[in-house]
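These notes are about the structure you will find just below.
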Amino acid sequence: MSLSLDVEDLSWAPVLHDITLSAAPGEILGLIGPNGSGKSSLLRCVYRRQRPDRGRITVDGLDVWTAPAGEVARRVAVVTQESPADLENSVEQIVALGRVPYLGTLGRLTRAEHDLIDDAMERCEVRSLARRPYARLSGGERQRVHLARALVQQPGLLLLDEPTNHLDLRHQVELLRLIRSLGVTVVAALHDLQLAAAACDRLAVLSGGRLVADGPPAKVVTADLLTEVYGVAAEVTHGPDGLPRINLPLAT
Amino acid sequence: MTVRVAARRVSTDRPGRRVTLAGSVVLLGVLLGVSLVAAVGLGPVDIPFLDVWRIVFATQDAPSGPMAVIVRDIRLPRVLLGAIVGAGLAVTGAVLQGVLRNPLADPYLIGASSGASLGAVLALMSGLSWLLPVAAFTGAMVTFTVVLLLARGGGQLGVTSLILSGVAVAALAEAATNFIVLNSPDSQLRSALFWTLGGLSGTQWSDLPVPAIVVGIFVVWFRLRSAELNALVLGEEGATSLGVEVNRLRVRLVVGSAITVGAVVSVSGGIGFVALMVPHAVRMVVGGDNRWVVPLSTLAGALLMVWVDVGARLLNQPDEIPIGVITALLGAPFFLVLLARANRRAMA
């Protein structure tokens, strides 16, 4: 199941201005842009953390701000940058929280749901940590635990805010590969342009809360864009795979 | 400490673990049942277990006379009220610690307990002691409402602002209570002081229905909300993304806790540490899943309070020790153990 996302004319003063953006079912859309450009805020508007002043956000036609919260949570899952937890919470408990939007009154999990939880932990390589207290994990392990929790939510749209933060190179690559294999629509705020270009079908660039570019990675990541948006002089070449390679001359 | 024994057997395998957790609910329930009967038998006049049993269940060979009166009209309502009070305090502690994401959260922290004391003392001093439970409940609700209004800036219920305004309002209410108590005539001083420290002496059957119904309803309701309470562990951001209306849930749970505490404290007086200790002990044993922490805390709180009350009437005969004094005596070492454990874990 993969769902479309449509953002129409979204504004949230003073951070976001007139953003219109969409992601087709199954598409991997990367949000890039400098710090403070509004990437996280845009995601927050989609997962109902921040109510926009104006505009409409629909997931598969469902308006996220008028639909019940639980219904949205059964379609949209999020992995944010930092999540707290107590010492008493095991990794498995955190992953199982992904079922909260589906739970009945007594909150019991079915056999199938337990299998789903095990499977998600396996895919995110945290199954061996299942009994460990979440609070004792490293940043990278926590990130993978939350991805597993998001998978357990069985979303049609997965939102990721800096998912490769805290991850070493191998886990970055594996996480992006895993995301591509899920078959769900993904919108990810990413910092590493080269990685974003390799992982995403399409990139949307935010600058000062406005959408300034939107298109396939090879078209979006250009020397001009890096100068205009990031204020750095860089060379952009293209590799044999057609993807951009960024060279940042540091010597003055 | 029976909780701990049950929990040592908790296995690491998931299906087995669930069975054992359900088993510990049953075990605590049975222990509570036995304790209720045993506690009725214990006091200045010892009554054999079997006689208590016969009187309570009114079997044909039940003894009659003064012994039956003691059991039926004095001890039984008191022991049952103790269980209800303990259950109510412990379950609100568990809920408040989960909602406020603060290990030190308890009814004192949201001003409810201090407000109840103030209301009760005011009623005693103005000679309206028959109004005492109503006054105490009103006091709890008034102070709690003030705390809630102070904490609700911009429609959002911030955890830190709730705790800070709770501490401030509680301090104010306690200061007022102390001032009134110190300026009261000697004849009333003792009863006022005793009330602020908590106690169950003189419990009558008519004291039971209101707290019993309130605690019963809210325990069930808290249990129904406990999966959402679990989600709060991820913070506002994470819980929201799981479809939990964080602000609404927080307000409802805190208001529910305040009503429960108000109903309980209005009949028992201020009893500290139970709400704080019991949920921590339960979590140490079964982990942080509120679907288990809520019912187990309820049972463990009832069990603890029944025995603490036995101590209150036996340890200093012919006088009674205020229950709050005993719970504080238990509470202090408990927290040192908790601290030592946390330190050990931090080093491991």
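We did not get these values from a lab; they are worked out from the coordinates using the rules stated. Only a predicted model underlies this, so the values are computations on that prediction, with no experimental measurement involved. Here the Cβ positions follow ideal geometry from the backbone for every residue, glycine too, while neighbour counts run over all protein chains shown.
Label-point separation (nm) for residue B:59 and residue B:126, each offset 7 Å from Cα along Cα-to-Cβ?
Spacing of the two 7 Å Cα→Cβ label points: 5.1 nm.
Among the complete DSSP H segments of chain B, which ones combine at least 30 Å of alpha-carbon extent along their axis with a mean Kyte-Doolittle hydropathy of 0.5 or more?
B:14-41, B:76-100, B:159-182, B:246-268, B:290-314, B:323-347
Can you check what the net charge comes to around residue B:190, using other residues whose Cβ is under 12 Å from the Cβ of residue B:190 (Lys, Arg +1; Asp, Glu -1)?
Result for the local shell: -3.
Counting other C-beta atoms within 10 Å, which of B:244, A:229 has the fewest, and how do the rest follow?
Lowest count first: A:229, B:244.
Please report the net charge: other residues with Cβ closer than 11 Å to the Cβ of residue A:202, K and R +1, D and E -1.
Its environment carries a net charge of -2.
Where does the charge balance sit around residue B:167 when Lys and Arg score +1, Asp and Glu -1, over other residues with C-beta under 12 Å from its C-beta?
Taking every Cβ under 12 Å from that of residue B:167, the sum is -2.
Whole-Hz Karplus ³J(HN,Hα) for segment A:162-177, in order, using 6.51 cos²θ - 1.76 cosθ + 1.60 and θ = phi - 60°, x for Gly and Pro?
Ordered by residue, 3J(HN,Hα) equals 6, x, 8, 3, 6, 9, 6, 4, 4, 5, 4, 4, 5, 5, 5, 5 Hz.
Determine, for B:35, A:138, B:241, the number of other Cβ atoms within 10 Å of each Cβ, and report the residues in order from fewest to most.
In increasing order of surrounding Cβ atoms, one gets A:138, B:35, B:241.
If you take the beta carbon distance between residue A:71 and residue A:245 as r and set R0 to 35 Å, what does 1/(1 + (r/R0)^6) give as a FRET efficiency, to the nearest 0.05?
0.20
Suppose every Lys and Arg Cβ carries +1 and every Asp and Glu Cβ carries -1, with no other charges. What dipole size does segment A:105-250 come out with about its Cα centre, to the nearest 20 debye?
540
So if I place +1 on the C-beta of Lys and Arg and -1 on the C-beta of Asp and Glu, and nothing else carries charge, what would the dipole magnitude of the protein assembly as shown be about its Cα centre? I want it in debye, nearest 20.
Computed charge dipole of the protein assembly as shown: roughly 1060 debye.
What does the C-alpha gyration tensor say about the overall shape of segment A:21-85? Classify as rounded when a/c is under 1.5, otherwise prolate if a/b is larger than b/c, or oblate.
Note, shape of segment A:21-85 comes out rounded.
Calculated from DSSP H runs of 4 or more alone, at -39500 (n - 2.57) each and per residue, what is the 222 nm mean residue ellipticity of chain B, nearest 500?
Mean residue ellipticity at 222 nm (helix-derived): -24500 deg cm²/dmol.
Once the cut-off is 46 Å, how many percent of the Cα-Cα pairs in the protein assembly as shown end up in the long-distance tail?
Taking all Cα-Cα pairs of the protein assembly as shown, the fraction more than 46 Å apart is 29 percent.
Under the rule a/c < 1.5 gives rounded, and otherwise a/b versus b/c splits prolate from oblate, where does segment B:24-156 land using the Cα gyration tensor?
Because a/c hits 1.5 or more and a/b fails to exceed b/c, segment B:24-156 counts as oblate.
Would you tell me the mean number of C-beta atoms belonging to other protein chains that fall within 10 Å of each C-beta in B:227-237, as a whole number?
6
Check which residues have an amide H placed less than 5 Å from residue A:90's amide H, if you skip close sequence neighbours.
Placed amide hydrogens put A:134, B:288 under 5 Å from residue A:90.
Round to the nearest 0.05 the FRET efficiency obtained for residue B:72 and residue A:51 when R0 = 60 Å and r is the Cβ-Cβ distance.
The pair residue B:72/residue A:51 has a calculated efficiency of 0.50.
Which value in Å does the Kirkwood hydrodynamic radius of chain B take, with 1/r averaged over all unlike C-alpha pairs and then inverted?
Evaluated on chain B, it is 20.9 Å.
Hey, could you grab the Kirkwood Rh for segment A:91-150? Inverse mean 1/r over distinct alpha carbon pairs, Å, one decimal.
11.5
Could you state the angle between the C-alpha long axis of helix A:111-123 and the longest principal axis of the C-alpha atoms of chain A, as a value from 0 to 90 degrees rounded to the nearest 10?
Helix A:111-123 sits at roughly 40 degrees to that axis.
Assign unit charges at the C-beta atoms only (+1 for Lys and Arg, -1 for Asp and Glu), then state the dipole size of chain A relative to its Cα centre in Debye, rounded to the nearest 20.
540
Neighbour counts of other C-beta atoms within 10 Å: give me A:230, B:108 arranged from fewest to most.
Placing the least packed residue first, the sequence is A:230, B:108.
Can you tell me the relative contact order of segment A:91-150? Whole percent, Cα pairs under 8 Å, sequence separation 6 or more.
Relative CO of segment A:91-150 lands at 54 percent.
For residue A:210 and residue A:132, calculate 0.36 nm times their separation in residues minus their Cα-Cα distance, and state this gained length in nm to one decimal.
Working it through step by step, the gained length comes to 23.8 nm.
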